[in-house]
């Protein structure tokens, strides 16, 4: 394979779209190809790794063989990562470093650490030989580009407090790279943000862009660049560019304002009356959706590319949101990981940037690479992030002028993307209600998943617990009273209903009120000819003895249970164990003394898990403590898990074990070890489902899913086993709702 293919990544920024598209308007769209939903990298690139003429994708320790990318090969040891942590592959660049005709891979890890390049063995199996490149790569947006003009790319970064470039010795490719400083040592370090390379002054030599200004390259190689102060970013951005956006003949500057906040700005280069060069800032998007004609605001734009997407001869901007950069601690961290391209439009009215949505569930990492990967002449996009590895395949469709206008992004006053915004900040939401179908349209899901609307008002009211029976019918406990119960001497307005899909169209078309007159019925378990349920203050067995679909006999099994202090948890999540017992959660703050017909008595204080015989004969406390558990599940190994509001959404339960609860002591042995060190912003955590009980496939088999009412999403963790120990590894959410 020749070097023309080797440098495909480097040439990508100037790649035009195919000339045939100039004949008329075309709508440009992208087909998302999911290469992996696992976190291995925050940067990716492409090259013809195996020399077959097709471009391959490199992300983390893997390369994915084109043109179909179905097979992946590990060139370095791989480990699945928690999205709260960081990868050893922040950036990947492909280049033939040893001149053997094969594309090698330069991998840059955490800022401030050593970079390595991996030597392509030319078709041999196994891990590639790792070679040291440079001992310290500073800056969070290093560039691999020919800065000096000698025809060979260098790694532009920070080291020893200065900006500079590192280059290999072409005669000794295995030797350590030489670093040449181009600025004085001014305290630039590993986590310095913002770096770009471009010809700012139009002298034909590439200059250095950084947060605080630009450094002019002189004529003599090896001498320090000349500094020109300009505040291009408030808090440090990402990749920066010098480009003539407005077409007036001089290069302007593009910079993100805060790679962990908001703001994207282009700076118009002008010359004042005194002949001094100045840069005037113009916001493209800010932290306020209202500042955008399209209602758009994107946080954490930690990767930016500049390329002509639509083939009009003018470069466009590709950027998006970096997902979970600091474990959810950054502003806007809960917003959708969107990916956009901004069409650069020059017109008599001035310069504008039109945002075209590419994807809502990939975002960017610290690197986004654009170039023709598919071979159709159109620039594709490859992303490696904590969401996984994605290839966006570019398609263009010729349309009429009218069709093009209808396809263009619409100007709007409301926010383009609501999930994770300030609308979700308060527990009492000020936004109006949506129709069920409108809410359904707001859901964001992984590739291949679909949500169907099964039932809605007026078939149900406020559902509390659901359960399927052996006939496939859905039992739902409905409430009007919650959270204020009626007195136990009064008849409540709540009910248990049975929902059926009789024509197999995926929608409930038959509703039977099995029992009414109930009082906040949280827990339920279809059993025998009826249902075992909780309705303040007792656990009941409601039976249909005559087969008419309605309960005609009510048998008290256990009670009364405490409810006077708080109704938010109560008795919930009835779950049948492998041992035949029925397990349940005892909720927040209440105190209960309970006994079965055998006289064995237990005392439950606030959060607990207990179990009972289905005939009312015996009740036992299973575990001690927790705050407000709401959700139980057994896995295929018999391990028992709960979802605990306000503490840990996934907790391992052990018989007679003690869990932390409001400072209460343990039994001297210690508390049951936690299996997660994050909490998904835990407040109203509701329910837990294990992937082993779903048909979601192998990738989700070890997952634990939990409903999060406050953030309006379904969280996901992977249960990782190490001997007898368990750990819940945080993963991207399964579902995100845009309805506050």
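Read-outs: derived from the displayed coordinates by stated rules, not from any lab. The shown structure was predicted, so the numbers you read here are calculated from the model rather than taken from an experiment. Note: ideal-geometry Cβ built from the backbone for every residue, glycine included; neighbour counts use all protein chains shown.
Would you please classify the overall shape of segment 637-677 from the alpha carbon gyration tensor, given that a ≥ b ≥ c denote the square roots of the eigenvalues, rounded means a/c under 1.5, and beyond that prolate means a/b larger than b/c while oblate covers the rest? Intermediate results must be reported in sequence, preceding the final value.
Values: a/c = 2.09, a/b = 1.19, b/c = 1.75.
Judged from the Cα gyration tensor, segment 637-677 comes out oblate (a/c at least 1.5, b/c at or above a/b).
Calculate, axis by axis, the spread of Cα positions in the chain along the three principal axes, and write the results as whole Å, longest axis first.
Here the spans come out as 94, 59, 49 Å, largest first.
I need to check one value: relative contact order of the chain, counting alpha carbon pairs closer than 8 Å and at least 6 residues apart, in percent.
Averaging sequence separation for qualifying contacts and normalising by length gives 9 percent for the chain.
At 0.36 nm per residue, minus the direct Cα-Cα distance, what do residue 429 and residue 352 gain on full extension? Give it in nm, one decimal, please.
24.3 nm
From Cα pairs below 8 angstrom and at least 6 apart in sequence, can you work out the relative contact order of segment 3-417, rounded to a whole percent?
RCO, segment 3-417: 18 percent.
Taking the C-alpha atoms of segment 3-417, how large are the radius of gyration and the largest Cα-Cα span, Dmax, in Å?
Gyration radius and largest Cα-Cα distance of segment 3-417: 20.3, 65 Å.
Can you sort 502, 683, 265 by how many other beta carbons sit within 10 Å, fewest first?
Fewest-to-most ranking of 502, 683, 265: 502, 683, 265.
Quick check on the exposure proxy: order 271, 370 from fewest to most C-beta atoms within 10 angstrom.
Going from sparsest to densest Cβ surroundings: 271, 370.
Once the Cα gyration tensor of segment 149-242 is found, what semi-axes does its equivalent ellipsoid get, as square roots of 5 times the eigenvalues, in whole Å, sorted largest first? Mind showing how you got there, number by number?
Details: eigenvalues 98, 53, 27 Å².
Rounded to whole Å, the semi-axes are 22, 16, 12.
Along the three principal axes, how long is segment 338-481 when you take its alpha carbons, biggest first, rounded to the nearest angstrom?
Extents along the principal axes: 61, 37, 35 Å.
Mind jotting down a quarter of the surface of the convex hull over the alpha carbons of segment 543-639, in square nanometres, one decimal?
If you wrap the Cα atoms of segment 543-639 in a convex hull and average its projections, you get 7.4 nm².
Return the percentage of antiparallel bridges among DSSP beta bridges fully within the chain, rounded to the nearest 5 %. The partial results should precede the final answer.
Values: 181 of 187 bridges.
Here the share of antiparallel DSSP bridges comes out near 95 percent.
Arranged by the count of other C-beta atoms within 10 angstrom, fewest first, what order do 241, 165, 73 take?
Placing the least packed residue first, the sequence is 73, 241, 165.
Just to compare against my own numbers: the Cα pair-distance distribution for segment 440-523, 5 Å bins, whole % per bin, please.
Spelled out per bin, shortest first, that is 3, 14, 21, 19, 16, 13, 7, 4, 2, 0, 0.
Could I have the simple spin-label model distance between residue 74 and residue 132, label points 7 Å from Cα toward Cβ, reported in nm to one decimal?
The two pseudo-label positions are separated by 2.5 nm.
Taking 1 over the mean of 1/r across every pair of different Cα atoms in segment 454-623, what Kirkwood radius in Å do you get?
Taking every pair of different Cα atoms in segment 454-623, averaging 1/r and inverting gives 16.2 Å.
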